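All remarks here apply to the structure that follows.
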Amino acid sequence: MSFDALTLRQRFPVLSRRVRGKEFVYLDNAATTHKPDVVIEALRRFYAEEYATVHRGVYFLSEQATHAYEQVRVKAARFLGAARPEEIVFVRGTTEALNLVAYSWGGTFLKRGDTVLVSAMEHHSNIVPWQLVCERSGARLEVIPMSDRGELMMEEFERQLTSSVKIVAVTQLSNALGTLNPVREICALARRAGAVSVVDGAQGAPHLAVDVREMGCDFYACSGHKMYGPSGIGLLYGRHELLEKMPPWQGGGDMIDSVRFEKTEYAAPPRRFEAGTPAIAPVIGLGATLDFLASFDRVAAEAHERQLLEETEKRLRAVQGLRIIGTARRKAGAVSFVMENAHPHDIAAVADEEGVALRAGHHCAQPVMARFGVPATARASFAIYNTVADVEALVAALHKVNRIFS
Amino acid sequence: MGASDDLYQQVILDHNRRPRNFRPMATPTHVCPGRNPLCGDHVNIYLEVRGERIEDVSFEGSGCAISKASSSMMTEAVKGKTVAEARQLFSEFRAMLMGELDTGRVPHGLGKLTIFKGVREYSSRIKCAGLAWHALVGALDSQKQISTE
């Protein structure tokens with residue numbers, strides 16, 4: 001297995017189009033990634049030749065579709081390093097996965113006086129579900145602080161880890177800052193303190209090889225669309241003994257063993273958590289995505305993305321009036337920045353004119369913006385198909401920003 | 001044409017760099033904070049209304065060049081106008097942004113505010129240009145705050 005960004009780039013049809021008359025430079029990968037030909041083709045073929053419902057048809061196509069669907073669960077378990085396929089729940093995405101854990105585990109086991117610990121750099125999707133369950137249960141939400149560099153303050157975290165802490169929910173990789181968190185250490189400390197660990201892998205899974213057992217987490221959530229897969233499908237990993245104790249969070253077809261008006265028996269995990277006809281085609285597309293991710297050297301891909309990020313930060317520092325937000329020692333995937341003379345929206349608008357897609361805003365991480373005292377940042381985020389040419393286009397666009405606004 | 005021609009014309013850049021009436025007001029008769037939750041922009045509009053006339057208007061806040069320039073030019077446009085005239089300007093400005101007012105053909109009182117006409121080609125920026133105007137009307141209507149969402 002090898003890795004070559006330029007060769008892989010050819011596999012993504014949309015990247016060869018032009019935008020506003022310019023070559024398309026896509027640097028908003030932390031929001032969502034583009035799709036390779038194999039994923040597009042898998043979706044087309046499934047809809048054109050193989051489509052059927054799953055888990056109930058006794059006819060040929062449905063049996064085939066059910067088999068294909070469950071094979072993706074097997075692949076996903078392998079992809080995340082789960083002990084068994086039953087530890088993988090198909091969900092809409094990371095947001096739904098985190099809501100599921102908060103609602104089902106949190107809603108069942110959190111009591112008044114308990115504490116939920118989240119970090120100061122969480123995406124809203126790893127804050128709001130916990131606030132909702134805290135409101136219902138009377139538990140308290142506490143925040144692990146971060147330093148001016150954008151690194152979690154681990155000593156403070158250890159002090160916060162009292163016996164009242166029942167859940168520690170942290171991101172593996174910050175979408176707003178690019179900070180890589182020491183999730184292995186965090187999960188180990190949480191477990192020692194008797195707390196359940198929940199890792200938001202929305203940004204981590206696309207960039208890093210994940211092994212949930214090596215990481216030591218109890219729950220891990222990620223989204224297909226951020227790692228070259230279809231939108232509308234994500235994965236929740238949960239340790240089986242925890243999933244077994246959790247009640248369903250949505251009722252409907254497919255999640256039951258038997259239904260009587262007096263009493264309903266629920267199916268075992270993971271089907272207990274998959275009510276209704278699932279996202280069949282996106283699951284099939286995710287299977288093709290996981291094959292795609294296994295088709296190149298991911299360690300080399302990681303190194304490529306790391307070099308690209310370092311190169312970008314080096315060049316950004318040379319841009320007049322630009323300040324990088326988030327200077328953690330271990331970073332991946334994204335760099336946030338502000339410019340003296342231009343608001344992030346104006347930066348992104350001028351970049352767009354040059355064909356460069358950047359994100360500007362609060363990145364669904366308003367507490368992070370508040371922590372750094374900025375209303376918003378511009379963000380460039382990377383994928384396997386980005387190259388130094390993309391970085392050059394970005395820097396040229398930023399010089400244009402300075403010409404217009406200085 | 002691109003963003004730097006359509007959006008970032010010299011007048012807009014100038015108001016962004018040196019916003020007019022950019023200050024809080026000690027004793028306003030009307031005030032309204034406006035927020036754009038999608039992007040985090042916010043603006044406070046202060047008014048001093050005597051009788052039917054807007055004697056003074058100012059703003060403060062943080063936002064992109066479009067929202068800042070629009071706020072600045074709004075204050076210049078409505079200062080000294082009656083409340084009814086300001087409301088009329090708001091509806092014309094809004095109609096222009098929504099593409100419902102062809103400023104080249106239909107008579108209007110927008111004057112140099114037509115410089116924001118190009119914004120309607122950039123749907124994500126329409127709210128930036130409209131924020132201060134919505135907050136102005138919010139202040140006149142004594143709303144506690146307004147949001148573009």
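The values are calculated or read from the model by the stated rules, or taken from the named source; none is laboratory data. As the structure is a prediction and not an experimental result, all values here were calculated from the model. Cβ placement follows ideal geometry from the backbone for every residue including glycine, while neighbour counts extend to all protein chains displayed.
Data overview
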read-out: Number of the condition not met by B:G99 [criteria: (1) touching a residue at least 24 places away in the same chain (Cβ under 8 Å); (2) surrounded by fewer than 17 Cβ atoms within 10 Å (Cβ to Cβ)]; value: (1)
read-out: All positions within segment A:98-118 that are of a type outside the set (A, V, I, L, M, F, W, C) and over 16 Å from the mean Cα position of the chain (by Cα); value: A:Y103, A:S104, A:G106, A:G107, A:T108, A:K111, A:R112, A:G113, A:D114, A:T115
read-out: Neighbours by Cβ (under 6 Å, 6+ apart or cross-chain): first from segment A:163-187, under 13 Å from A:N126 (Cβ atoms); second in a helix (DSSP H, G or I); value: A:V168/A:A190; A:A169/A:N126; A:V170/A:I186; A:Q172/A:V183; A:Q172/A:G204; A:L173/A:G204; A:A176/A:V368; A:V183/A:M215
read-out: Which listed residue, of B:E60, B:E52, is out of contact with any helix residue (DSSP H, G or I) (no Cβ under 6 Å at 6 or more places or on another chain) and either surrounded by fewer than 19 Cβ atoms within 10 Å (Cβ to Cβ) or more than 10 Å from chain A (Cβ to nearest Cβ) (or both); value: B:E60
read-out: Residue identified as without any contact (Cβ under 8 Å) to a residue 60 or more places away in the chain and either more than 14 Å from chain B (Cβ to nearest Cβ) or touching a Phe, Trp or Tyr at 6+ places or on another chain (Cβ under 9 Å) (or both) among A:A378, A:A383; value: A:A378
read-out: Boolean, A:A380 is in contact with a Gly (Cβ under 7 Å, 6 or more places away or on another chain), buried (at least 21 other Cβ atoms within 10 Å of the Cβ) and at pLDDT 95 or above; value: no
read-out: Unmet requirement for A:F337, which otherwise passes all of (1) in contact with a Ser or Thr (Cβ under 9 Å, 6 or more places away or on another chain); (2) surrounded by fewer than 23 Cβ atoms within 10 Å (Cβ to Cβ); value: (2)
read-out: Residue that is at negative phi and facing chain B (nearest Cβ under 9 Å), where the choices are A:V388, A:V350, A:V335, A:V356; value: A:V350
read-out: Residue in segment A:391-405 that is nearest to A:F337 (Cα to Cα), counting only those that are within 14 Å of another protein chain (Cβ to nearest Cβ) and either within 30 Å of the chain's Cα centre (by Cα) or of a type outside the set (A, V, I, L, M) (or both); value: A:L398
read-out: Cβ-Cβ under 7 Å pairs, at least 6 apart or on other chains, segment A:70-89 side outside any helix (DSSP H, G or I), far side of a type in the set (F, W, Y); value: A:A82/A:Y237; A:I88/A:Y237; A:V89/A:F273
read-out: Failed item, numbered, when A:L308 is tested on (1) of a type in the set (A, V, I, L, M); (2) outside the structural domain of A:T179 (by TED's automatic domain parsing); (3) more than 18 Å from A:A176 (Cα to Cα); (4) not in a loop (DSSP other than H, G, I, E, B); value: (3)
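So that you can scan it fast, the table gives a plain yes or no per residue for (1) crowded, with 18+ Cβ neighbours inside 10 Å; (2) within 11 Å of chain A (Cβ to nearest Cβ):
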residue	(1), (2)
B:Q10	no, yes
B:F22	no, no
B:V43	yes, no
B:S71	yes, no
B:M74	yes, no
